[in-house]
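Here is the structure we will look at, set down as structure tokens.
The values are calculated or read from the model by the stated rules, or taken from the named source; none is laboratory data. Since the model is a prediction, treat every value here as computed from it, not as a measurement. Here the Cβ positions follow ideal geometry from the backbone for every residue, glycine too, while neighbour counts run over all protein chains shown.
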Amino acid sequence: MNAPTSAQTIFLDQLMGELGPVSVLAAADADLVRHGHVPDPTQAVDRTPLAVAYPRSTADVSTILRLCHQHHIAVTPQGGLTGMVGGAIPGAGGLILSLERMREIEEVDVAAATMTVQAGVPLQAVQERAEACDLFFPLDLGARGSCMIGGNIATNAGGNRVLRYGMMRELVLGLEVVLADGTIVTSLNKMLKNNAGYDWKHLFIGSEGTLGITTRAVLRLYPKPRTTNVALCGLATFDDVLAFLKEARSMLGGDLSAFEVMWKEFYEVAVQIADGPPPLEAGYPFYVLIEALGSDEQDDGARFERLLERFITSKVVKDAVVAQSAREVEGLWAIRDSSGELDRVFGEAVNFDVSIPTGNIAAFADDCRSRLREALGGGEALVFGHIADSNLHLSCKGPDGIARSGLIDATVYAAVRDWGGSISAEHGIGVGKRDYLPYSRTPSEIDLMWKIKHSLDPTGILNPGKVLPAQRSSDS
Ligand SMILES: Cc1cc2nc3c(=O)[nH]c(=O)nc-3n(C[C@H](O)[C@H](O)[C@H](O)COP(=O)(O)OP(=O)(O)OC[C@H]3O[C@@H](n4cnc5c(N)ncnc54)[C@H](O)[C@@H]3O)c2cc1C
């Protein structure tokens, strides 16, 4: 690790002077590996970040950004470091701004059905506090114990219940951000209707730390569901899957909360990972995990079973198992959630999160697999996803493992482009997908992104190199 330059030393001294030494750790004293730095002595260029700052308040974040702005020090905000596209990986000589000490749940307003939180509160803590107030915060994803609300906002996280409640964007009513120069902008709005001028919060949601730093948010809560009905079904064709989805939407209405589809190869791996015997036999081309969350304890179960009976009778659903207890609900979800551990059985693979218009998903998956086989001379892909949200995940490996991951990326993203899809459904762009952004965005859209970036972060200190290149080619 190179010693800090004299300009960096002046910056660090000022930062420690204003925040106090317990809130700033120089690189030599910090556990940089915990903060996502991967030391690589083989690299000729030193990639070590300068320091880590741990603000406790919005005022601290403002101080940090004001000094970074003055001294041209790059800043990478970090939540729980569970992001999938390298958005929180620190840059060489830059400052890591960890939100982990801003963990206060400030208020639950039952009448407004809102919760006001600091950015470092873990998602699971929000879910649990809502539950304790007989309310419900619907965002849910596998990293719930580690990821933080600020990170969920910065990535516009999706997860399992988007079909019913929307993505994080739909769950944020108010936001407080600190701009690149340290200016604090606060709108802790609790109202569902507020058309007083531009709704600027949407610029920051999903911006992956490149436009400002979220410090506090007002989250939208929902009534706690009183009933949960879950079933796993085997189907023969994707047309049957689409017919089932259409009718499920119609019969269950707003109660339909998840419609997860697993291709058979995924299911065969997943049942080896989840505990216990497989709930349905292997061999169906498609498996659908369907969930309804409702409020009518008398009727919801019967309505759910009527839907299944209708499709079993018409032989669209070949077989189904309905969860009879909370434990069985968990057991069925464990099959779908095993996606986080596929490598245990499938081996190392390259993972994708893409969107394709729902009706074309199966044809896309077939095309993508055949392109991969052609490009790699073999290989396999596991396919699954939140089909009703147009969101597909693929786990792909070549005949010789992941050695040619660049080729796998290029092949899958070219297929996404050709099918008119999005290279990122819910994980964002970070650095991992940056080079492929033009596959899903037009030149004028990317031009607009640069205009927004330049106007909010004129010196380019906020998470440089994420979403967009560190410098625009026409600027260099
Ligand atoms: C097991 C697992 C399952 C997952 N499942 C899903 C899923 O179903 N759906 C889904 O959408 N995602 C999923 N993810 C990825 C998801 O993006 C993250 O889990 C989560 O939203 C990121 O939160 P974090 O606090 O870990 O953010 P980090 O990883 O720390 O950061 C993510 C990005 O946000 C920025 N950032 C963080 N905090 C702030 C802030 N306060 N202000 C400004 N920028 C900030 C960072 O710079 C970075 O660009 C999953 C991840 C894992 C590991």
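Numbers at a glance
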{"item": "Subset of segment 341-377 (residues that are aliphatic (A, V, I, L, M) and surrounded by 15 or more Cβ atoms within 10 Å (Cβ to Cβ))", "result": "L342, A349, V350, V354, I356, I361, A362, A365, L372, A375, L376"}
{"item": "Filter result for the condition that a residue is modelled with pLDDT under 95 and either basic (K, R) or more than 23 Å from the chain's Cα centre (by Cα) (or both), over V345, V322, V317, V350", "result": "V345"}
{"item": "Filter result for S295 (under 30 Å from K224 (Cβ atoms) and loosely packed, with under 15 Cβ neighbours inside 10 Å)", "result": "yes"}
{"item": "Tabulated pairs, segment 144-168, first free of Cβ contacts under 8 Å to residues at least 24 places away in the same chain and under 25 Å from R101 (Cα atoms), second near the ligand (Cβ under 8 Å from one of its atoms) and part of a loop (DSSP other than H, G, I, E, B), C-beta under 9 angstrom, 6+ apart or interchain", "result": "G145/G80"}
{"item": "Pair list, Cβ < 7 Å and 6+ apart or interchain, from segment 51-65 residues that are farther than 13 Å from T76 by Cα to residues that are of a type in the set (V, I, T) and surrounded by fewer than 24 Cβ atoms within 10 Å (Cβ to Cβ)", "result": "T58/I184; S62/I184"}
{"item": "Filtered residues of segment 420-476 (kept if away from the ligand (no atom under 15 Å from the Cβ), hydroxyl-bearing (S, T, Y), within 23 Å of I153 (Cα to Cα) and not in a loop (DSSP other than H, G, I, E, B))", "result": "Y436, S455"}
{"item": "Members of segment 170-194 found to be over 25 Å from A59 (Cβ atoms) and away from the ligand (no atom under 15 Å from the Cβ), listed by number", "result": "M191, L192, K193, N194"}
{"item": "Test: residue in segment 43-50 that is within 15 Å of the ligand (Cβ to nearest atom), of a type outside the set (F, W, Y), without any contact (Cβ under 8 Å) to a residue 60 or more places away in the chain and outside any helix (DSSP H, G or I)", "result": "yes"}
{"item": "Any chance V110 is modelled with pLDDT of 95 or more, in contact with a Leu (Cβ under 9 Å, 6 or more places away or on another chain), of a type in the set (V, I, T) and exposed (fewer than 14 other Cβ atoms within 10 Å of the Cβ)", "result": "yes"}
{"item": "Residues satisfying the stated conditions in segment 422-476, i.e. aliphatic (A, V, I, L, M), touching a helix residue (DSSP H, G or I) at 6+ places or on another chain (Cβ under 7 Å) and without any contact (Cβ under 8 Å) to a residue 40 or more places away in the chain", "result": "L437, I446"}
{"item": "Count - residues of segment 321-340 that are surrounded by 15 or more Cβ atoms within 10 Å (Cβ to Cβ) and within 16 Å of the ligand (Cβ to nearest atom)", "result": "7"}
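Each row is one residue, and each column tells you yes or no for (1) surrounded by fewer than 22 Cβ atoms within 10 Å (Cβ to Cβ); (2) among the hydroxyl-bearing types (S, T, Y); (3) within 16 Å of the ligand (Cβ to nearest atom).
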site	(1), (2), (3)
A196	yes, no, no
D199	yes, no, no
A217	no, no, yes
T227	yes, yes, no
C233	no, no, no
L256	no, no, no
F266	no, no, yes
I273	yes, no, yes
Y284	yes, yes, no
